[in-house]
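K.L.:
Supplied in C-alpha cells, the structure appears directly below.
Values in this text are rule-based calculations from the coordinates and carry no lab data. Here the structure is a predicted model, which means the values were calculated and not measured. Positions of Cβ are generated from backbone atoms using ideal geometry, with glycine treated the same way; all protein chains shown enter the neighbour counts.
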Amino acid sequence: MAPKLRDEVEKQLFFASKKVDRVIREYSMIEEGDRILVAVSGGKDSLCLLKILTWRLRYSPIKYELVAAHVRGNSLGPGEDLPAEVSGWIEQLGVPFHSHDIILPENEPLPMNCERCSRNRRRTLFEMCEEFKCNKLALGHNLEDFAHTALMNLLSSGRLQTMAFRRDYFGGKIGVIRPLAYLREHDIIRLATVGQFPTSTNNCPLVSSSKRAAARKIMHQLCKEFKHAAENILRAAKENPPIGEE
C-alpha cells in the first residue's frame, strides 16, 4: 500500500524512492541491520540521497541505521567544513553527522588530479566507516554520472565501462552502494528544489576543466538529438565488467 502523501515534497520523495527501491532490490544494496555511512558533499545529489534513505525508514520492512559523513577537502588538499545551514539540516533529519579532513599519503603532490582526489576521498570514507562501525558506504551518483563515466572510458581507453552499482571491499567488510543509479538528474533537481534543500557549491578549482566536465558537455549535446542517450549508454555499459575503483 502506498503511503499517504501530505505535500509535494512527499510526493517527489515517493516517486524518487520507487526508483531507489528498485535498484536496492536488484543489487541487494541494503540488508537488515546495516549501518550505512552516507557520504555528504553538500551538493543536491548527496542531500537527496540522505533524505530519501531517511524517508524510506518510515515504510521499509528492512531496518537500517544511517550516519552522515563529510570529507573536508578537494584537489588542493584539506578544506573547509560544510556550511552551518547544511549541517543543521542534517541534524534536523535526526542523522548523526561527522566530518573529517581528507587523508593524503605522505608527499602527495598538490593539486591532485580527479582520479587521485577521488581515491583519497574514498580511502578517507573507508576510515570513517571503520571508525563509526558502518558496513556500507552510500555514494550519491545518479544515472547521468554513470553515463558520463562510461563515455569518459570509451573516449579515453576504448572500453565502455562504468562504476559498479554495488561493490564489496576488504573481503566483504564494507560494501559501496550507489542507490541513486536509476534517478535522472532532473528528478534530483526537482526534489531538491521542492524540498528547499540547502545545497552548497562545489568549490574545487578543477570542477569546470575536468574530463568529467567535458563528458557532461558532450552528453548534453547528445541528449538534444537522442532523448534517451544517457539511459542507452548506461544500459550498454552494464553489459561489461565495471571499472576498477581500488
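K.L.:
Within a 10 angstrom radius of the beta carbon, how do R122, R72 rank from fewest other beta carbons to most?
P.N.:
Values: R122 18, R72 15.
Neighbour counts put them in this order, fewest first: R72, R122.
K.L.:
Taking a 21 Å limit on the Cα-Cα distance, which of the listed pairs K19/K51; K18/K63; K18/K51; K173/K211; K19/K227; K11/K44 fall beyond it?
P.N.:
On the way: K19/K51 14 Å; K18/K63 17 Å; K18/K51 14 Å; K173/K211 32 Å; K19/K227 19 Å; K11/K44 18 Å.
Pairs exceeding 21 Å: K173/K211.
K.L.:
Under the Cβ-under-4.7 Å rule, which cysteines of the chain stay unpaired?
P.N.:
C48, C114, C117, C204, C223
K.L.:
Consider all pairwise Cα distances in the chain and report the whole-number % of them above 31 Å. Walk me through the numbers before you get to the answer.
P.N.:
Numbers: 6104 of 30135 pairs.
Percent of Cα pairs beyond 31 Å in the chain: 20.
K.L.:
Now for a separate question. With +1 on each Lys and Arg Cβ and -1 on each Asp and Glu Cβ, and nothing else charged, work out how big the dipole of the chain is about its Cα centre, in Debye to the nearest 20.
P.N.:
Details: 36 positive and 31 negative charges, 169 e Å.
Here the size comes out at about 820 debye.
K.L.:
Counting alpha carbon pairs within less than 8 Å and at least 6 residues apart, what relative contact order, in whole percent, applies to the stretch 132-246? Show your work: numbers first, answer last.
P.N.:
On the way: 126 pairs, mean separation 43.0, N = 115.
For the stretch 132-246, the relative contact order is 37 percent.
K.L.:
How high is the relative contact order of the stretch 8-237, in percent, with contacts defined as C-alpha pairs under 8 Å that are six or more residues apart?
P.N.:
Details: 356 pairs, mean separation 58.6, N = 230.
Here the relative contact order equals 25 percent.
K.L.:
Determine ³J(HN,Hα), in whole Hz, for all residues of the stretch 104-110 in sequence, where each value follows from phi through the Karplus function 6.51 cos²θ - 1.76 cosθ + 1.60 and θ = phi - 60°; x replaces Gly and Pro.
P.N.:
Running phi through 6.51 cos²θ - 1.76 cosθ + 1.60 with θ = phi - 60° gives 10, x, 4, 6, 4, x, 10 Hz.
K.L.:
Once Lys and Arg get +1 and Asp and Glu get -1 on their Cβ, which of V176, T201, L13 lies farthest toward the positive end of the dipole of the chain?
P.N.:
After comparing all options, I get L13.
K.L.:
Is it possible to state the helix-based mean residue ellipticity at 222 nm for the chain, with each DSSP H run of 4+ residues giving -39500 (n - 2.57), the sum divided by total residues, to the nearest 500 deg cm²/dmol? What is it? Could you put the intermediate results ahead of the total?
P.N.:
Working: 8 runs with 108 residues, N = 246.
Calculated from helices alone, the mean residue ellipticity at 222 nm is -14000 deg cm²/dmol.
K.L.:
So, one more: Can you give the extra length, in nm with one decimal, that the chain gains between R235 and E108 once fully stretched, where that is 0.36 nm per residue apart less the Cα-Cα distance? If you can, show how the numbers build up before the last one.
P.N.:
Values: separation 127, 0.36 × 127 = 45.72 nm, distance 3.66 nm.
Roughly 42.1 nm would be gained on extension.
K.L.:
In whole percent, what relative contact order does the stretch 44-118 give with Cα contacts below 8 Å and a gap of six or more residues? Show your work: numbers first, answer last.
P.N.:
Working: 68 pairs, mean separation 25.1, N = 75.
Relative contact order for the stretch 44-118 comes out at 33 percent.
K.L.:
Taking H placed 1.01 Å from N in the peptide plane, check which residues at least 5 places from N74 or on another chain put their amide H under 5 Å from its amide H.
P.N.:
G79
K.L.:
With 10 angstrom as the radius, rank M29, M219 by how many other C-beta atoms surround their C-beta, starting from the fewest.
P.N.:
Numbers: M29 21, M219 18.
Taking fewest neighbouring Cβ atoms as first place, the list is M219, M29.
K.L.:
Between the stretch 17-81 and the stretch 162-241, what is the separation of their alpha carbon centroids in Å?
P.N.:
One Cα centre to the other: 15 Å.
K.L.:
What is the mean projected area of the alpha carbon convex hull for the stretch 95-193, to one decimal in square nanometres?
P.N.:
On the way: hull surface 34.4 nm².
Projected area, direction-averaged: 8.6 nm².
K.L.:
Arrange the following residues from fewest to most other Cβ atoms within 10 Å of their Cβ: L93, L137. Provide the component values of the computation, followed by the final result.
P.N.:
Numbers: L93 15, L137 22.
So the ranking, lowest neighbour count to highest, is L93, L137.
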